[in-house]
Amino acid sequence: MLGKLGGAFAVALLIAAPAARASGPLSATVGDPGVATRDGTIRYVAVPAGRATAVEQIRTRGGHVVSWATVPGLWGTASVGNGTSTDGQGLSHDGRTLVLAHTGVPQGASTTFVVVDTRKMQVRDRIVLKGQFSFDALSPDASRMYVIQFARDDQLHYVVRAYDMAAHRLVAGRIADKAQLGWVMQGVASSRVASPDGRWVYTLYSNPAGYGFVHALDTVQGVAHCVGIPVTDQAAVDVLRMTLHGSTLALGWHDGRVFRTIDTRTWRISRPVRATTAHGGGAARSSVAVVASGGALALLAVAGLVLLRRRRRASGQPRLA
């Protein structure tokens, strides 16, 4: 029954946090694609089941439902950005902890998350926070959950907070770039990628008040870095996608061209050294070749002129001006 229900509900519904007025990260995904384990063999999908939610554990190959849990209320898998990336979403790096976010309009002055133990497929904890929050990330072992807290008097601004899962409380203070204490977080998350060990989570934001930026979060140490992107057009930022290659974070377009790269060791942003397309690269190499050949031709012309002058001088011919 639940397997058929999950298969039929094949469209992802991205529920924007109402308090953010569509300016904060999206909070939950109902139905496909859900969230997948790092190896991609298992994915978790939350589907409506009357007044409850069925959380299905599905084997990717073949779509077989391995197990499920029923959670009272309306929930979705916690997600950030467009909800299609599995990196840094509501499943811990070790695959043992799944976070669900509420999909309904917030009632009162609190926010609730549900934590599911994926080994037992049972609800392990219910987290109730005073105020308006949205899910952001999990540490690799799920000892900490990072959330975005929206400002009470200005829903377009927010701060990142850490929640201690064992102590069942928010950690004092906010997670901010200490080198840029004046940085104000605002915008819409559009793309996300995580390091292979799940420690670092990189999120690309468009910013209605200025330049887009990448928010780099160390989920183990609880520190962050913000790197501004030289784009003010929100639509342009939204189509950029991030890929991580060792210590290089690349921001590129859908056609494969790289727009900028960020060195995650120094946080320096750079233009790509070479054009990424064959046409662009060929054009660059052709330009260099033309310059080189032009220089060689000029040298040959000068040498020929000197030789001609010497011959005319020797034969008594008038000198060239």
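When the stretch 112-132 is examined, which residues are found to be in contact (Cβ under 8 Å) with a residue 24 or more places away in the chain and either part of a strand (DSSP E or B) or not assigned by TED's automatic domain parsing to the domain that holds D94 (or both)? The answer is F113, V114, V115, V116, Q122, V123, R124, D125, I127, L129.
The criterion of at least 1 residues that are hydrophobic (A, V, I, L, M, F, W, C), in contact with a strand residue (DSSP E or B) (Cβ under 8 Å, 6 or more places away or on another chain) and over 30 Å from S143 (Cβ atoms) is met, among strands (runs of 3 or more DSSP E) falling completely within the stretch 199-263, by 223-229, 248-252, 258-263. Would it be correct to say that A224 is aliphatic (A, V, I, L, M) and in contact with an Asp or Glu (Cβ under 6 Å, 6 or more places away or on another chain)? For A224, the condition - aliphatic (A, V, I, L, M) and in contact with an Asp or Glu (Cβ under 6 Å, 6 or more places away or on another chain) - is met. Of the residues screened, S79 is not one that is among the polar types (S, T, N, Q) and at pLDDT 90 or above.
Among the conditions (1) at pLDDT 95 or above; (2) part of a loop (DSSP other than H, G, I, E, B), the only one that V71 does not satisfy is (2). Among the residues making up the stretch 68-80, those that are out of contact with any helix residue (DSSP H, G or I) (no Cβ under 6 Å at 6 or more places or on another chain) and either within 18 Å of S92 (Cα to Cα) or surrounded by 17 or more Cβ atoms within 10 Å (Cβ to Cβ) (or both) are A69, V71, L74, W75, G76, T77, A78, S79, V80.
Each row is one residue, and each column tells you yes or no for (1) among the small types (G, A, S); (2) assigned to a strand (DSSP E or B); (3) surrounded by fewer than 20 Cβ atoms within 10 Å (Cβ to Cβ); (4) modelled with pLDDT of 90 or more.
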{"site": "L5", "(1), (2), (3), (4)": "no, no, yes, no"}
{"site": "A22", "(1), (2), (3), (4)": "yes, no, yes, no"}
{"site": "A28", "(1), (2), (3), (4)": "yes, yes, no, no"}
{"site": "D32", "(1), (2), (3), (4)": "no, no, yes, no"}
{"site": "R38", "(1), (2), (3), (4)": "no, no, yes, no"}
{"site": "Y44", "(1), (2), (3), (4)": "no, yes, no, yes"}
{"site": "V47", "(1), (2), (3), (4)": "no, yes, no, yes"}
{"site": "I58", "(1), (2), (3), (4)": "no, yes, no, yes"}
{"site": "R61", "(1), (2), (3), (4)": "no, no, yes, yes"}
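Yes or no, residue by residue, for (1) surrounded by fewer than 18 Cβ atoms within 10 Å (Cβ to Cβ); (2) more than 27 Å from G95 (Cβ to Cβ); (3) modelled with pLDDT of 95 or more:
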{"residue": "A189", "(1), (2), (3)": "no, no, no"}
{"residue": "W200", "(1), (2), (3)": "no, no, yes"}
{"residue": "R257", "(1), (2), (3)": "yes, yes, no"}
{"residue": "H279", "(1), (2), (3)": "yes, yes, no"}
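Which residue pairs have Cβ atoms under 8 Å apart, sit 6 or more places apart or on different chains, and have a first residue in the stretch 58-74 that is more than 17 Å from V99 (Cβ to Cβ) and a second that is polar (S, T, N, Q) and not in a strand (DSSP E or B)? Qualifying pairs under 8 Å: R59/T41; T60/T41; R61/T41.
The values are calculated or read from the model by the stated rules, or taken from the named source; none is laboratory data. Here the structure is a predicted model, which is why all the values come from computation and not from measurement. In this analysis, Cβ positions are derived from the backbone assuming ideal geometry, glycine residues included, and neighbour counts consider all displayed protein chains.
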